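Step one of this worksheet: look at the structure below.
The values are calculated or read from the model by the stated rules, or taken from the named source; none is laboratory data. Computed from a predicted model, the values in this text were never measured in an experiment. Positions of Cβ are backbone-derived with ideal geometry, glycine not excepted, and every protein chain shown enters the neighbour counts.
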Amino acid sequence: MNLDKDLVAAFAPTGRLRASINLGNPILAGQDAATGAAKGASVDLATELARRLGVELELVVVDAAGKSVEVVAQERADIGFFAIDPMRGADIAFTGPYVLIEGCYLVREGSPIRANEEVDQAGHVVVVGKGSAYDLFLTRELKQARIERSPTSPTVVDTFMALGEAADVAAGVKQQLEADAARIGGLRLLGGRFMVIRQAMGVPKSRGTAAAQALAAFVEEMKASGFVARALARHGIQGASVAPAGNAG
C-alpha cells in the first residue's frame with residue numbers, strides 16, 4: 001500500500017480506522033468468552049490494516065449483516081466485511097473476496113424435503129436472517145417458496161423452531177446450522193449447498209478510487225501471504241476456504 005497522507009485521511013478521516021465487525025456471521029467474528037471482546041478473521045484483518053495506516057483501530061460491533069452494511073454506507077464506519085451482493089454496491093466499493101463460505105439448508109429430521117432442489121415449492125416457508133447474503137440471494141432466486149425473516153443470522157434456527165410447522169427450512173452459514181443442529185437435535189442439513197458466499201472487505205465509495213484500489217490490493221496481499229489462512233486456522237474456523245487470487249472469487 002502506498003501510504004501517503006491523503007490515502008490515510010481517506011481511510012481514517014477521524015484519525016481512527018473504524019471497522020464494522022458483524023458478530024452475526026461466526027466465520028468472520030465472534031466474542032471472546034473471557035472478555036466479551038470481538039475476535040476473528042475480520043478483526044485480524046482490520047487490525048493489520050490499521051497498523052499499516054499507522055492509526056488506532058476502533059471496532060463498530062453489530063449483530064447482523066444488514067447493520068454492518070448500513071454503518072459503512074452511512075460512513076459511521078470506514079471499512080466493513082460483507083458478502084458481495086449487487087444490492088449492497090450502491091454506496092460501498094468491494095474488494096475481491098478473501099473467504100468463500102457455503103450457504104446451506106436445514107430441515108427437521110422428519111421433513112420430506114431431501115434435496116436443495118425440493119425447497120422452492122409452493123407452500124414452503126424458508127427462514128433467513130434479515131438483510132443477510134442469504135436473504136438477498138434467496139429473495140431473488142426463490143420463485144414459489146415464501147421467506148420468513150429472523151432478526152439476525154444467529155437467530156435463524158431458533159426462529160425456525162419457534163414457528164413450528166409453519167416453517168419448513170432454515171437457511172444460513174453451514175457452520176452455524178451445524179452448531180444449532182447439534183445443540184437442538186432432531187434436525188439435519190440437506191446435502192450440498194445452495195450458494196457460495198464471497199466475503200469481501202468494503203469502503204464507502206465516497207472515499208475515492210484510490211482508497212478502493214488500495215483496499216483491494218491489501219486483500220489480495222493478505223490472501224497471497226497466507227495471512228487469511230492463518231487467521232482462519234487460529235480461530236478454529238471450518239466450513240470456509242481462502243478465496244483464489246483476483247476478483248472472481
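A few points about this structure:
- Of the strands (runs of 3 or more DSSP E) lying entirely inside the range 28-116, the ones with 1 or more residues being in contact with a Phe, Trp or Tyr (Cβ under 8 Å, 6 or more places away or on another chain) are found at 80-83, 92-108.
- If you go through the range 166-212 and pick out every residue that is among the β-branched types (V, I, T), under 23 Å from V228 (Cα atoms) and out of contact with any helix residue (DSSP H, G or I) (no Cβ under 8 Å at 6 or more places or on another chain), you end up with 1.
- Residue in the range 20-29 that is farther than 17 Å from Q176 by Cα and either among the charged types (D, E, K, R) or loosely packed, with under 15 Cβ neighbours inside 10 Å (or both) present: no
- Failed condition for A212, given (1) outside the structural domain of N25 (by TED's automatic domain parsing); (2) at negative phi: (1)
- Search result, residues across the range 63-91 that are crowded, with 22+ Cβ neighbours inside 10 Å and of a type in the set (V, I, T): V69, V72, I79
- For the range 127-150, the tally of residues that are under 17 Å from the mean Cα position of the chain (by Cα), assigned to a loop (DSSP other than H, G, I, E, B) and either surrounded by fewer than 22 Cβ atoms within 10 Å (Cβ to Cβ) or not assigned by TED's automatic domain parsing to the domain that holds E178 (or both) stands at 1.
- Applying the condition of being surrounded by fewer than 19 Cβ atoms within 10 Å (Cβ to Cβ) and polar (S, T, N, Q) to the range 30-57 and asking which residue is nearest to A212 (Cα to Cα) yields T47.
- The single condition among (1) modelled with pLDDT under 90; (2) not hydroxyl-bearing (S, T, Y); (3) not assigned by TED's automatic domain parsing to the domain that holds A231 that A33 does not satisfy is (3).
Yes/no per residue for (1) among the polar types (S, T, N, Q); (2) more than 28 Å from V125 (Cα to Cα); (3) surrounded by 15 or more Cβ atoms within 10 Å (Cβ to Cβ); (4) within 20 Å of the chain's Cα centre (by Cα):
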{"position": "T152", "(1), (2), (3), (4)": "yes, no, yes, yes"}
{"position": "G164", "(1), (2), (3), (4)": "no, no, no, no"}
{"position": "D168", "(1), (2), (3), (4)": "no, no, yes, no"}
{"position": "K223", "(1), (2), (3), (4)": "no, yes, yes, yes"}
{"position": "A229", "(1), (2), (3), (4)": "no, yes, yes, yes"}
{"position": "A245", "(1), (2), (3), (4)": "no, yes, no, yes"}
